[in-house]
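Enquirer: Let me begin by handing over the structure; questions about it come next.
What follows is calculated from the coordinates using simple rules that are stated; it is not laboratory data. Values in this document were obtained by computation on a predicted structure and should not be read as measured data. Cβ atoms come from the backbone with ideal geometry, glycine included; neighbour counts cover every protein chain shown.
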Amino acid sequence: MATVRDVREKAGEEPITMLTAYDAPTAEIVDDAGVDIVLVGDSVGNAVLGYETTVPVSVDDIAHHVGAVSRATEDALVVADMPFLSFGIDERDSLENAGRMLKEEGAQAIKLECGPHTVELTETMVQLGIPVMAHLGLTPQHVNQYGGYPRQGTDQAAAERMLELALAHEEAGAFALVLEHVPSNVAAGITEALEIPTIGIGAGPDCDGQVLVFDDAVGISEWTPSFSKQFGNVRAEMESAVDDYVTAVESGEFPADEHSHEASDLEDIY
Ligand code: KIV
């Protein structure tokens, strides 16, 4: 089982791979492929639960999916993404919600969408033994404040604020930093300034690692952001299999003899 220390040690040495997963079969596929980190993202809200944003995702939702992913993962580090308002209001609730992912669901770390309000919280969590992955740049839980999903850190002042926050979270003990939808040169500068690894999504090639949403990467999602890439067309495969099933049942081709079993001594039951 990978540890946060393994991830930290890869910074600047070897590219770090991270993908989301929300269920056991997906986690098995991701883990078997040698991915370093499996993130049970709150993107489960859009990808799986049918919500338009991640805002409605609950602690129970994440816990349920973290349990499934942890049970199926042998080697990768499992990180639980803390959902909107599950942290940052009350310290005790924040710690209990995050602690539950480790104590009850088998995650090894949690991720927080960060701002100035998460620096002290990160420090407390780390002191208590809850490893924290920080997340800066576009933080989708702020969708109602942004009014969409705009690129972040696009002017000097914003880029400097992001760097300061990145350094503050490193100082507070975060073991890695996700940078989402920020200009490549800003991500490169932050990566250069930090000792902990940066993991980019829409943040260019100079981060220490990359992360994508599983459904986007394999081509299940109907829409993917411009910074993502579909490495397969799993949706088309699924559609074709379901069409074939419907056709086979409607035509009487399925179930065939080999899918049916007859017990000879039950001939006279009716
Ligand atoms: O929820 C998620 O999937 C994420 C990644 C995009 C980093 O936060």
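Enquirer: Can you find, within the range 191-222, the residue that is surrounded by the fewest Cβ atoms within 10 Å (Cβ to Cβ) among those that are within 12 Å of the ligand (Cβ to nearest atom) and among the aliphatic types (A, V, I, L, M)?
Expert: A217
Residues are listed down the side, and each one gets a yes or a no for (1) in a helix (DSSP H, G or I); (2) under 18 Å from A80 (Cα atoms):
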| position | (1), (2) |
| --- | --- |
| I130 | no, yes |
| L136 | no, yes |
| R161 | yes, no |
| L167 | yes, no |
| A187 | yes, no |
| I196 | no, no |
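Enquirer: Any idea which of E13, E52 is free of Cβ contacts under 8 Å to residues at least 12 places away in the same chain, part of a loop (DSSP other than H, G, I, E, B) and within 16 Å of the ligand (Cβ to nearest atom)?
Expert: Of E13, E52, the one residue that is free of Cβ contacts under 8 Å to residues at least 12 places away in the same chain, part of a loop (DSSP other than H, G, I, E, B) and within 16 Å of the ligand (Cβ to nearest atom) is E52.
Enquirer: Considering the range 158-197 alone, what residues qualify as being in contact with a helix residue (DSSP H, G or I) (Cβ under 7 Å, 6 or more places away or on another chain), in contact (Cβ under 8 Å) with a residue 60 or more places away in the chain and among the β-branched types (V, I, T)?
Expert: I196 - this is the single residue of the range 158-197 that is in contact with a helix residue (DSSP H, G or I) (Cβ under 7 Å, 6 or more places away or on another chain), in contact (Cβ under 8 Å) with a residue 60 or more places away in the chain and among the β-branched types (V, I, T).
Enquirer: Inside the range 16-47, can you point out the residues that are within 13 Å of the ligand (Cβ to nearest atom), within 24 Å of K103 (Cβ to Cβ) and not in a helix (DSSP H, G or I)?
Expert: Result: M18, T20, A21, Y22, I37, V38, L39, V40, G41, D42, S43.
Enquirer: I've got another one for you. Select from the range 131-158 the residues that are crowded, with 19+ Cβ neighbours inside 10 Å and more than 20 Å from the chain's Cα centre (by Cα) and list them in ascending order.
Expert: Hit for the range 131-158 is G153, nothing else.
Enquirer: Exactly one of (1) away from the ligand (no atom under 16 Å from the Cβ); (2) within 17 Å of the chain's Cα centre (by Cα); (3) in a helix (DSSP H, G or I); (4) crowded, with 16+ Cβ neighbours inside 10 Å is unmet by G106. Its number?
Expert: Evaluating G106 over (1) away from the ligand (no atom under 16 Å from the Cβ); (2) within 17 Å of the chain's Cα centre (by Cα); (3) in a helix (DSSP H, G or I); (4) crowded, with 16+ Cβ neighbours inside 10 Å leaves (3) as the failure.
Enquirer: Then there's this: Which condition does Q152 not pass, out of (1) assigned to a helix (DSSP H, G or I); (2) within 16 Å of the ligand (Cβ to nearest atom), if it passes all the others?
Expert: Going through the list (1) assigned to a helix (DSSP H, G or I); (2) within 16 Å of the ligand (Cβ to nearest atom), Q152 breaks only (1).
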